[in-house]
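Novice: Handing you this structure, nothing more for now.
The values are calculated or read from the model by the stated rules, or taken from the named source; none is laboratory data. Worth saying up front: this structure is predicted, and the values here are computed from it rather than measured. Backbone-built Cβ (ideal geometry, glycine too); neighbour counts: all protein chains shown. Keep in mind that these areas ignore ligands, DNA and RNA; they rest on the heavy atoms of the full protein, side chains included. Shrake-Rupley method; radii C 1.70, N 1.55, O 1.52, S 1.80 Å.
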Amino acid sequence: MAKSSAALEEQPARPRATAAHETLLACPACGTRTAHRFLYAKNRCDILQCAACGLGRAQAPAFDPATYYTQGYFSGDHADGYADYLGAEPVLRREFARTLAFIRRYRGTGKLLEVGCAYGFFLQEAKRYFSVRGIELADDAAAYCRRHGLAVETGTVDEVERGGGPFDVIVLLDVIEHLPDPRATIAALARALAPGGVILLTTGDFASLAARAFGSAWRLMTPPQHLWFFTSRSMERLAAGAGLEIASLDHPGKIVPLALVAYHLGRMAGVRVKLPASRIGLPINLFDAMRVVLRGKTAP
């Protein structure tokens, strides 16, 4: 899934790296300037990779998330969005219930914040055990959440700094790859975390066999919607920069709506496929997506 809750600011022009020449860029995972090499181009974006941690990045042209992440993004108007997010609610909630059960191994109750909560299906599952709050950039989705009794604000991750915390659990499901400054985001979330709290995030694994084998055709290589492509090493460094450590990192499968599978297979084949919404979900695992739990570093 791809949900964004932070504005993607226009990136300034930077020197282009090539296969024969590396350029120095600030790596948000390493926290310093590192050598980056050019991998390939996709959707008019250059894809570069940090030589130190493997973090991939898209050198994206001007991109306005406020006009992109709208109702159409969730209803099949964008090739890299959702076929019918609302129609897939029964399948998505089954998957979110599995995610919630995993979270409760670390914190069973308390205050929970979801950044990029879309139409609030995860929050609806989580409110059985937690006091929940959400942040969502898409105004239509955030308004839908509020109509259904959820405390969801329209805005970016900056809303975290405006109160409501500290939180026992902070969740970002397929969100961090959209954000303009993941280092600043994780630092802000770490400050909003209660003692003993955890951050759960999911994102693609740029070091996976699928990502390396398919290259620019990898299913999660969708710039400028996706700006960052993480590896386990880059995730470890990103966490460390915010005083966090990785408590768990795995590659679980997902229950994916059948309509969404058909939609994206059609996109890859260059045809538009839109099946009616159904309760059918397919268990899929390409081992190219990470589930990461972050927590405060324990004393040595």
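Novice: Any chance you could count how many residues in the range 48-66 are among the aliphatic types (A, V, I, L, M), open to solvent by less than 30 Å² (accessible area, probe 1.4 Å) and under 18 Å from the mean Cα position of the chain (by Cα)?
Specialist: Adding up the residues that qualify gives 3.
Novice: Then there is this: List every residue pair whose Cβ atoms lie under 8 Å apart, where the two residues are 6 or more positions apart in sequence or sit on different chains, the first residue falls within the range 172-186 and is under 14 Å from Gln225 (Cα atoms), and the second residue, located anywhere, is among the basic types (Lys, Arg) and buried (at least 24 other Cβ atoms within 10 Å of the Cβ).
Specialist: Asp174/Lys3; Val175/Lys3; His178/Lys3
Novice: Being surrounded by fewer than 24 Cβ atoms within 10 Å (Cβ to Cβ) and of a type in the set (A, V, I, L, M, F, W, C) narrows it down to one residue among Ala138, Ala101, Ala126; which is it?
Specialist: Values: Ala138 fails: surrounded by fewer than 24 Cβ atoms within 10 Å (Cβ to Cβ); Ala126 fails: surrounded by fewer than 24 Cβ atoms within 10 Å (Cβ to Cβ).
None of the other options fit; the residue is Ala101.
Novice: Would you mind finding the one in Arg146, Arg133 that is open to solvent by 70 Å² or more (accessible area, probe 1.4 Å), at pLDDT 95 or above and touching a strand residue (DSSP E or B) at 6+ places or on another chain (Cβ under 8 Å)?
Specialist: Residue meeting the stated conditions: Arg146.
Novice: Would you check which residues across the range 17-65 are at pLDDT 95 or above, more than 18 Å from Arg212 (Cα to Cα) and among the charged types (D, E, K, R) and list them?
Specialist: Once the filter is applied, which keeps residues that are at pLDDT 95 or above, more than 18 Å from Arg212 (Cα to Cα) and among the charged types (D, E, K, R), the range 17-65 yields only Arg33.
Novice: Still on this structure, please answer the following. Please go through the range 230-243 and give me each residue that is open to solvent by less than 10 Å² (accessible area, probe 1.4 Å) and either among the hydrophobic types (A, V, I, L, M, F, W, C) or free of Cβ contacts under 8 Å to residues at least 60 places away in the same chain (or both), ordered by number.
Specialist: Phe230, Met235, Leu238, Ala239
Novice: Which residue is farthest from Ala187 (Cα to Cα), if the candidates are limited to the range 126-169 and must be in a strand (DSSP E or B) and among the polar types (S, T, N, Q)? Show your work before the answer.
Specialist: Taking the range 126-169 first, the residues in a strand (DSSP E or B) are 130-136, 152-154, 167-169.
Add one more test, that the residue is among the polar types (S, T, N, Q), and what stays is 131, 154.
Details: Ser131: 23, Thr154: 21 Å.
Ranking the candidates gives Ser131 first.
Novice: Where the second residue is modelled with pLDDT of 95 or more and of a type in the set (Ser, Thr, Tyr) and the first is surrounded by 20 or more Cβ atoms within 10 Å (Cβ to Cβ) and lies in the range 24-38, which pairs have Cβ atoms under 6 Å and are six or more apart or on separate chains?
Specialist: Cys27/Thr34; Ala29/Ser234
Novice: Considering only the range 189-219, state which residues are open to solvent by less than 30 Å² (accessible area, probe 1.4 Å) and farther than 20 Å from Arg107 by Cα. Full working, then the answer.
Specialist: Looking only at the range 189-219, we keep the residues that are open to solvent by less than 30 Å² (accessible area, probe 1.4 Å), and these are 189-190, 192-194, 197-206, 208, 210-211, 215, 218.
Passing the criteria: Thr203, Gly204, Asp205, Phe206, Ser208, Ala210, Ala211, Gly215, Trp218.
Novice: Which condition from (1) touching a strand residue (DSSP E or B) at 6+ places or on another chain (Cβ under 8 Å); (2) under 24 Å from Ala101 (Cβ atoms) is the one that Arg128 breaks?
Specialist: Looking at each condition in turn, Arg128 falls short on (1).
Novice: Do you know which residues across the range 116-159 are in contact (Cβ under 8 Å) with a residue 12 or more places away in the chain and among the small types (Gly, Ala, Ser)?
Specialist: If the condition is that a residue be in contact (Cβ under 8 Å) with a residue 12 or more places away in the chain and among the small types (Gly, Ala, Ser), then Gly116, Ala118, Gly120, Ala126, Ser131, Gly134, Ala138, Ala141, Ala142, Ala151, Gly155 are the ones that fit.
Novice: Would you call Ala247 open to solvent by 30 Å² or more (accessible area, probe 1.4 Å), under 20 Å from Thr203 (Cβ atoms), modelled with pLDDT of 70 or more and assigned to a strand (DSSP E or B)? Working first, answer last.
Specialist: Numbers: open to solvent by 30 Å² or more (accessible area, probe 1.4 Å): yes; under 20 Å from Thr203 (Cβ atoms): yes; modelled with pLDDT of 70 or more: yes; assigned to a strand (DSSP E or B): yes.
It is true that Ala247 is open to solvent by 30 Å² or more (accessible area, probe 1.4 Å), under 20 Å from Thr203 (Cβ atoms), modelled with pLDDT of 70 or more and assigned to a strand (DSSP E or B).
Novice: Search the range 68-118 for residues being of a type in the set (Val, Ile, Thr) and in a loop (DSSP other than H, G, I, E, B), and hand back the single one that is modelled with the lowest pLDDT.
Specialist: Ranking the candidates gives Thr70 first.
Novice: Could you please find all residues in the range 162-199 being of a type in the set (D, E, K, R) and under 16 Å from Gly116 (Cβ atoms)? Give the steps one after another, and end with the answer.
Specialist: Keep residues of the range 162-199 that are of a type in the set (D, E, K, R), which gives 162, 168, 174, 177, 181, 183, 191.
Within the range 162-199, Asp174, Glu177, Asp181 qualify.
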